[in-house]
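Below: one structure, written as structure tokens.
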Amino acid sequence: MDLASGFRFPKFFKVALPAATLIALHRMWTERHRLETLVNSKTAALKSSEQTLRAVLNSVNVAIFVHDLDGTILDVNEPMTLMYGVSSEQAKRMTIANDFSSQRNPTDQLPVIWQDVLNGNPRSFEWIARRPLSSEEFEVEVFLRRIPLKDRDVILANVKDVTDRKRVERELMNAKTAAERADQEKTTFMSIASHELRTPITALKVYLQLAQRALTRGDPVDSLTIDRSLEQTDRLVRMIDDLLDVSRIETGALALRQQSVDIAGLVKDVVEVFNHLGLNRKILLEPHLEAEPARAFADPARIEQVLSNLIRNALKYSPENSDIHVRLSIDGKRHEVRISVQDRGIGIPKDRQQNLFTRFYRVPSKAHLGRQGLGLGLYISKRIVKEHGGQMGVLSEEGQGSEFYFTLPLERLPSVR
Ligand SMILES: Nc1ncnc2c1ncn2[C@@H]1O[C@H](COP(=O)(O)OP(=O)(O)O)[C@@H](O)[C@H]1O
Ligand SMILES: [Mg+2]
């Protein structure tokens, strides 16, 4: 249809317009409509691509900050608000340096990095971040880079929370150091142990040679030679037993054979055995306590071992002419029996006391190391006492003597019905 002749104009147009004007108007209207549709569709496309972009930014596992070149925060993604505990509106009023960083970071570092990034060099570094509202700190890895946009450049920061990874790394590091230390300890121990084991064997060999010489001459073997040989054999057996105990402890196989034990009686027996060894030393037992009933559910052989260890140490680390006191007391309130061994010997420096119960430990002083030993007795003893539910400790002054003690829970007698 020809527009000029056939176009019917709406009725409310009272004035008839020339056909050419009508055509122009129509063109304008069509063009405007076309442009409007175009703008709408472009806007929709833009909106949807912005939404896509935002969805992407929000779904990544890192906090993202968009900065102006001067450090003003222009935008952040959702993970940032979760990681730092602020809303995006709050974030935009804050700055990385003042609000999102721990005071523990080196103060001069950030400006240098920022300048570097401004110059176009992307930088990644570790940082201690801070939640501004709770002041809580956490470790992050930051990646900063300058990005040219159409109208201006921005600085983009990617921040990853690495607290968990750092913790695992530290734990691994500690485990490695501990393993290395244990390894070193074992090497040192091996050389001490071989040396210590050799000493009684060398002595044994000398006594056997003496006996052999006497026999060759047709003389009787001196009973002292036999006694000494047996002493050295006992020492050797004790050392080997200690070594076996350590491996039992370390494999969790220190099995106790517990039964109802009269602790006062046991202590008395052990003290008597020592007093009959002809050591020229007196082990004094606090006499009035003997009558106290003190029964514990315990492995008698193991408790004997603990007490013997303490008495042997007291003898070893105190002068020939001094006595040893063994005491037994009952703490009714705590429902436990306490056994202590006190000497007037060389004592232990305060700063060494906490190490005494660790494996292979011997106080590193001339007075202590001059005496033979593997440094296992106290370690084993404390483990045995702990297995029984008791405690072991020491009170000592250097040069004044020591008191080693241990406790055992008293057996609960079945209540009278
Ligand atoms: N009664 C004591 N007086 C002084 N030091 C002691 C005493 N008992 C133990 N010690 C110190 O504790 C260390 C560990 O004792 P222990 O484990 O029995 O090992 P060892 O007797 O083989 O040296 C000893 O080397 C010694 O330095
Ligand atoms: Mg010892």
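Bear in mind that the values in this text are calculations on the coordinates, not laboratory data. Keep in mind it's a predicted model, so treat the numbers as computed, not measured. Cβ placement follows ideal geometry from the backbone for every residue including glycine, while neighbour counts extend to all protein chains displayed.
What net charge is computed for the residues neighbouring GLN391, neighbours being all others with C-beta under 11 Å from the C-beta of GLN391, Lys and Arg scored +1, Asp and Glu -1?
Details: positive: ARG334, ARG338, LYS382, LYS386; negative: GLU336.
Charge balance near GLN391 sits at +3.
Normalise the Debye intensity by I(0) for region 60-161, one equal point scatterer per Cα, no solvent, then take log10 at q = 0.17 Å⁻¹ and round to two decimals.
So the normalised log intensities work out to -0.72.
Out of the DSSP beta bridges found with both residues in region 259-409, what percent are antiparallel (nearest 5)?
Values: 25 of 28 bridges.
Given both bridge residues lie in region 259-409, the antiparallel proportion sits at roughly 90 percent.
Return the ratio Rg/(2.2 N^0.38 Å) for the chain, where Rg is computed over Cα atoms only. Walk me through the numbers on the way to the answer.
On the way: Rg = 43.3 Å, N = 417, 2.2 N^0.38 = 21.8 Å.
Dividing the Cα radius of gyration by 2.2 N^0.38 Å gives 1.99.
State, in angstrom, two size descriptors of region 330-417 derived from its alpha carbons: Rg to one decimal place and Dmax to the nearest whole number.
Calculated on Cα positions, Rg and Dmax stand at 15.7, 60 Å.
When HIS195, HIS276, HIS388 are ordered from fewest to most other Cβ atoms inside 10 Å of their Cβ, what list results?
On the way: HIS195 11, HIS276 8, HIS388 21.
Result, fewest neighbours first: HIS276, HIS195, HIS388.
Among bridges DSSP assigns within the chain, what percent are antiparallel (round to 5)?
Details: 52 of 55 bridges.
Bridges in the chain are about 95 percent antiparallel.
Give me the number: length gained by fully extending ASP70 to GLU387, i.e. 0.36 nm times residue separation minus the C-alpha to C-alpha distance, one decimal in nm. Numbers along the way, then the final one.
On the way: separation 317, 0.36 × 317 = 114.12 nm, distance 6.50 nm.
Here the segment from ASP70 to GLU387 would lengthen by 107.6 nm.
Run the reach check for LYS205 against aspartates and glutamates, Cα to Cα strictly under 14 Å, same-chain hits fewer than 8 apart removed. What comes back?
Correct list for LYS205: ASP227, GLU231.
Per 5 Å bin from zero, what fraction in whole % of the C-alpha pairs of region 224-354 is there, up to the bin with the longest pair?
With a bin width of 5 Å, the distribution comes to 2, 9, 15, 19, 19, 18, 13, 5, 1, 0, 0.
What is the sum of charges around LYS205, taking Lys and Arg as +1, Asp and Glu as -1, for the other residues whose C-beta is under 13 Å from the C-beta of LYS205? Mind dumping the intermediate values first?
Numbers: positive: ARG198, ARG213, ARG228; negative: none.
It works out to a net charge of +3.
Given a Förster radius of 60 Å and the C-beta distance between LEU244 and ASN121 as r, what FRET efficiency does 1/(1 + (r/R0)^6) yield to the nearest 0.05?
Values: r = 63 Å, r/R0 = 1.06.
It comes to 0.40.
Which one of LEU224, ILE240, VAL142 has its Cα pushed farthest toward the positive end of the charge dipole of the chain, where Lys and Arg give +1 and Asp and Glu give -1 at the Cβ?
Of the listed residues, the answer is VAL142.
Under a point-charge model restricted to the Cβ atoms of Lys and Arg (+1) and Asp and Glu (-1), what is the dipole moment magnitude of region 92-153 relative to its Cα centre, in debye to the nearest 20?
Details: 10 positive and 10 negative charges, 68 e Å.
The calculated dipole for region 92-153 is roughly 320 debye.
About the Cα centre of the chain, what is the dipole size in debye to 20, counting +1 per Lys and Arg Cβ and -1 per Asp and Glu Cβ, all else neutral? Mind showing how you got there, number by number?
Details: 59 positive and 55 negative charges, 270 e Å.
The dipole of the chain has a size of about 1300 debye.
Run the numbers for PHE360 and LEU133: contour at 0.36 nm per residue of separation, minus the present Cα-Cα distance, in nm.
Numbers: separation 227, 0.36 × 227 = 81.72 nm, distance 5.02 nm.
My answer for the length gained is 76.7 nm.
How far, in nm, would the chain grow between ALA367 and VAL273 when pulled straight, counting 0.36 nm per residue and subtracting the alpha carbon separation?
On the way: separation 94, 0.36 × 94 = 33.84 nm, distance 2.74 nm.
Gain on extension, ALA367 to VAL273, equals 31.1 nm.
Using 1/(1 + (r/R0)^6) with R0 = 45 angstrom and r between the beta carbons of THR188 and ILE147, what's the FRET efficiency to the nearest 0.05? It would help to have the intermediate numbers written out before the result.
Values: r = 58 Å, r/R0 = 1.28.
Here the calculated transfer efficiency is 0.20.
Using r as the Cβ-Cβ distance of LEU17 and LYS42, and R0 as 41 Å, what FRET efficiency do you calculate, to the nearest 0.05? Mind showing how you got there, number by number?
Numbers: r = 34 Å, r/R0 = 0.82.
Computed FRET efficiency for LEU17 and LYS42 comes out at 0.75.
Within 12 Å, Cβ to Cβ, of MET94, how many net charges do the neighbouring residues add up to if Lys/Arg are +1 and Asp/Glu are -1?
Values: positive: LYS92, ARG93, ARG130, ARG131; negative: GLU89, ASP99.
Summing Lys and Arg as +1 and Asp and Glu as -1 gives +2.
What helices in the chain pass both tests, a Cα length along the helix axis of 30 Å or more and a mean Kyte hydropathy of -0.5 or higher, using whole DSSP H runs? Write out the running numbers ahead of the final one.
Values: long enough: 19-59 (59 Å, -0.21); 163-217 (80 Å, -0.67); 223-250 (41 Å, -0.25).
Long hydrophobic helices here: 19-59, 223-250.
Quote the charge dipole size of region 167-250 about the Cα centre in Debye, to the nearest 20; the model charges only the Cβ of Lys and Arg (+1) and of Asp and Glu (-1).
Working: 13 positive and 15 negative charges, 49 e Å.
Computed charge dipole of region 167-250: roughly 240 debye.
Extending each Cα 7 Å along its Cβ direction at ARG334 and SER88, get the distance between those two points in nm, one decimal.
Those two pseudo-labels are separated by 6.3 nm.
Helix-only estimate, please: 222 nm mean residue ellipticity of the chain, summing -39500 (n - 2.57) across DSSP H runs of length 4 or more and dividing by its residues, to the nearest 500.
Values: 12 runs with 199 residues, N = 417.
Calculated mean residue ellipticity at 222 nm is -16000 deg cm²/dmol.
Using alpha carbons only, how many angstrom separate the centre of region 17-70 from the centre of region 317-384?
Result: 86 Å between the Cα centres.
For HIS368, HIS335, what's the fewest-to-most ordering of other Cβ within 10 Å of each Cβ? Don't jump to the answer; show the numbers that get you there.
Details: HIS368 18, HIS335 11.
Fewest-to-most Cβ neighbours within 10 Å comes out as HIS335, HIS368.
Rank ALA91, ASN309, VAL56 by how far each Cα sits towards the positive end of the charge dipole of the chain (+1 on Lys, Arg Cβ; -1 on Asp, Glu Cβ) and give me just the farthest.
Final value for the positive-end residue is VAL56.
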